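The next block holds one structure in the form of structure tokens; read it before the comments.
The values are calculated or read from the model by the stated rules, or taken from the named source; none is laboratory data. Model, not experiment: these values are computed from the prediction. All Cβ positions, even for glycine, are placed from backbone atoms using ideal geometry, and neighbour counts span all protein chains on display.
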Amino acid sequence: MKKSSLVAMMLGTVSGVLFALGMCMALIEEWGAYKLGIVLGCVGLLLGLVTTIAWRKMEHKQPFRISGKTIFILMVGIVGVLVLGVGMCFCMVWGNMIAGIGIGLAGIIILLCLLPLIKGIKK
């Protein structure tokens with residue numbers, strides 16, 4: 001295993017755990033730790049960004065280029081995840097299974113559209 005992969009794996013795991021714990025703290029009312037959860041979630045996101053930058057630097061890769069295509073792909077991903085999440089809420093929270101399945105499938109289809117957007121379609 002390369003040193004860069006090991007560092008990225010360890011930092012990525014720590015950032016993911018911090019983010020997940022922070023979101024649990026913020027969203028589970030019984031814990032009463034909303035503000036601390038937001039802080040922990042933001043620290044997890046920041047550490048994830050630092051991990052990505054450090055890994056790319058260790059691999060001698062170019063920094064990210066922000067273009068119109070990148071922003072469009074990011075927006076499609078965000079919309080797809082939100083639609084899938086709303087479908088899950090319909091099923092699990094609001095008890096409307098048929099609408100939830102339909103909305104969730106729409107979210108999955110939107111997320112599947114990311115594959116040709118990112119990789120392109122080749123012969």
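Against the conditions (1) closer than 27 Å to Leu114 by Cβ; (2) among the β-branched types (Val, Ile, Thr); (3) at pLDDT below 85, Ile28 satisfies every one except (1).
Within segment 19-64, the set of residues being aromatic (Phe, Trp, Tyr) and either on the phi > 0 side of the Ramachandran plot or not in a helix (DSSP H, G or I) (or both) comprises Phe64 only.
Yes/no per residue for (1) under 14 Å from the mean Cα position of the chain (by Cα); (2) surrounded by 12 or more Cβ atoms within 10 Å (Cβ to Cβ); (3) free of Cβ contacts under 8 Å to residues at least 60 places away in the same chain:
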| position | (1), (2), (3) |
| --- | --- |
| Leu46 | yes, yes, yes |
| Leu49 | yes, no, yes |
| Thr52 | yes, yes, yes |
| Phe64 | no, no, yes |
| Met75 | yes, no, yes |
| Val81 | yes, yes, yes |
| Gly85 | yes, yes, yes |
